[in-house]
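Read-outs: derived from the displayed coordinates by stated rules, not from any lab. Keep in mind that this is a model prediction, so the values were computed, not measured. Here Cβ is always computed from backbone atoms with ideal geometry, including for glycine, and neighbour counts include all displayed protein chains.
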Amino acid sequence: MSYELIEVSTQEAVGIIRLDRPKAYNALCNALVAELGQALDVFEADEAIGAIVLTGGEKVFAAGADIGEMLDREHADLFLDDFPYVKSHGWERLNNCRKPTIAAVSGFALGGGCEMAMACDIILASDTAKFGQPEVKIGTMPGAGGTQRLVRAIGKAKAMELCLTGRMMDAEEAEQAGLVCRVVPVDALMEEALTMAATIASHSRPVVMQIREAVEQAFETGLQAGLLFERRAFQATFNLADRKEGMSAFAEKRKPVFRHR
Ligand code: CO8
């Protein structure tokens, strides 16, 4: 598979996707998002891949949807395409990715760029990262999760302020608010993201996938239904040879060897 607007690589069990359209600040044109969808298809189908890192450049993760591409479009165009979903496929692919995704964010993550980071399971930020939903400043609004995921991540007051003013928040504020799991020096961002992804990928794949689905349930359902989902998923891990191996290895004081079954 060849890509023009993203760079795709692997490091052992980790799939790496780098948004690579630097002249346009990684603006998320349809072609780029389509390539993202293709790369995710490949990694999802590859049994050897256990986690995915999505990153951009040092100065910019992504500055949002491509404003030039949207400039002359009418409501009917977007409605018929169900933009930004159906035609570009990549957004749905990212939203529905079953393998854990880590957004490693350096520099600007704005508009659709912030939404893309939030569509990942974990955001790891460099100390230069800046997050915001500045759509209001160009006469539109977030359209790929900004008014929904940001509220769930940082609460109504701050999300409302960011969406209504278009103000950016820096990495430190984003960590305090709960949007990012950790802030690391910019030079260490990829190393930290890859270490985190490799750690996740070293665990039993079906267990990891069940954990992320259970955590996702916390956003989708009430507490009692969520606790039931979790309990049933926990019980289901006892069907796995990996569960037996993990507990046996602990008891025998050795490292487990997971076979992802
Ligand atoms: N779209 C297209 N081109 C862009 C974008 C963008 N979103 N952002 C930056 N660029 C381009 C600029 O046009 C410029 O190109 P050129 O050199 O050819 O003139 C180049 O990138 C560098 O930009 P600046 O000169 O402006 O660089 P600065 O360092 O001065 O500023 C900023 C950097 C602050 C990031 C600034 O570029 C900016 O404010 N960009 C726009 C941010 C924005 O408004 N984003 C929201 C877009 S709307 C959106 O995301 C809707 C989401 C809903 C659906 C998601 C679908 C994908």
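Can you name the residue in segment 69-107 that is near the ligand (Cβ under 10 Å from one of its atoms) and not small (Gly, Ala, Ser) and is also surrounded by the fewest Cβ atoms within 10 Å (Cβ to Cβ) among such residues?
First pass over segment 69-107, keeping only residues near the ligand (Cβ under 10 Å from one of its atoms): 69-71, 78, 83-85, 88, 90-91, 107.
Within this subset, residues satisfying the condition of being not small (Gly, Ala, Ser) are 69-71, 78, 83-85, 91.
On the way: Glu69: 15, Met70: 18, Leu71: 8, Leu78: 14, Phe83: 19, Pro84: 20, Tyr85: 15, Trp91: 25.
So, considering only residues that are near the ligand (Cβ under 10 Å from one of its atoms) and not small (Gly, Ala, Ser), the one surrounded by the fewest Cβ atoms within 10 Å (Cβ to Cβ) is Leu71.
Quick check, is Ile6 touching a strand residue (DSSP E or B) at 6+ places or on another chain (Cβ under 8 Å), closer than 28 Å to Phe258 by Cα and aliphatic (A, V, I, L, M)? If you could, list the steps in order and put the result at the bottom.
Numbers: touching a strand residue (DSSP E or B) at 6+ places or on another chain (Cβ under 8 Å): yes; closer than 28 Å to Phe258 by Cα: no; aliphatic (A, V, I, L, M): yes.
When the stated conditions are applied, Ile6 does not pass them.
Could you check how many residues of segment 185-205 are in contact with an Asp or Glu (Cβ under 8 Å, 6 or more places away or on another chain) and either among the β-branched types (Val, Ile, Thr) or not in a helix (DSSP H, G or I) (or both)?
Selection size over segment 185-205: 3.
When segment 71-94 is examined, which residues are found to be part of a helix (DSSP H, G or I) and either on the phi > 0 side of the Ramachandran plot or free of Cβ contacts under 8 Å to residues at least 40 places away in the same chain (or both)? I'd like the intermediate steps shown before the answer.
We begin by selecting, within segment 71-94, every residue part of a helix (DSSP H, G or I); these are 75-81, 90-94.
Of everything in segment 71-94, those that are part of a helix (DSSP H, G or I) and either on the phi > 0 side of the Ramachandran plot or free of Cβ contacts under 8 Å to residues at least 40 places away in the same chain (or both) turn out to be His75, Ala76, Asp77, Leu78, Phe79, Leu80, Asp81.
Counting just the residues of segment 108-155 that are surrounded by fewer than 20 Cβ atoms within 10 Å (Cβ to Cβ) and of a type in the set (Val, Ile, Thr), which one comes out farthest from the ligand (Cβ to nearest atom)?
The residue in question is Val151.
Take segment 14-68 and flag every residue that is among the hydroxyl-bearing types (Ser, Thr, Tyr) and away from the ligand (no atom under 14 Å from the Cβ). Write out each step before concluding.
First, the residues of segment 14-68 that are among the hydroxyl-bearing types (Ser, Thr, Tyr): 25, 55.
Answer for segment 14-68, where residues must be among the hydroxyl-bearing types (Ser, Thr, Tyr) and away from the ligand (no atom under 14 Å from the Cβ): just Thr55.
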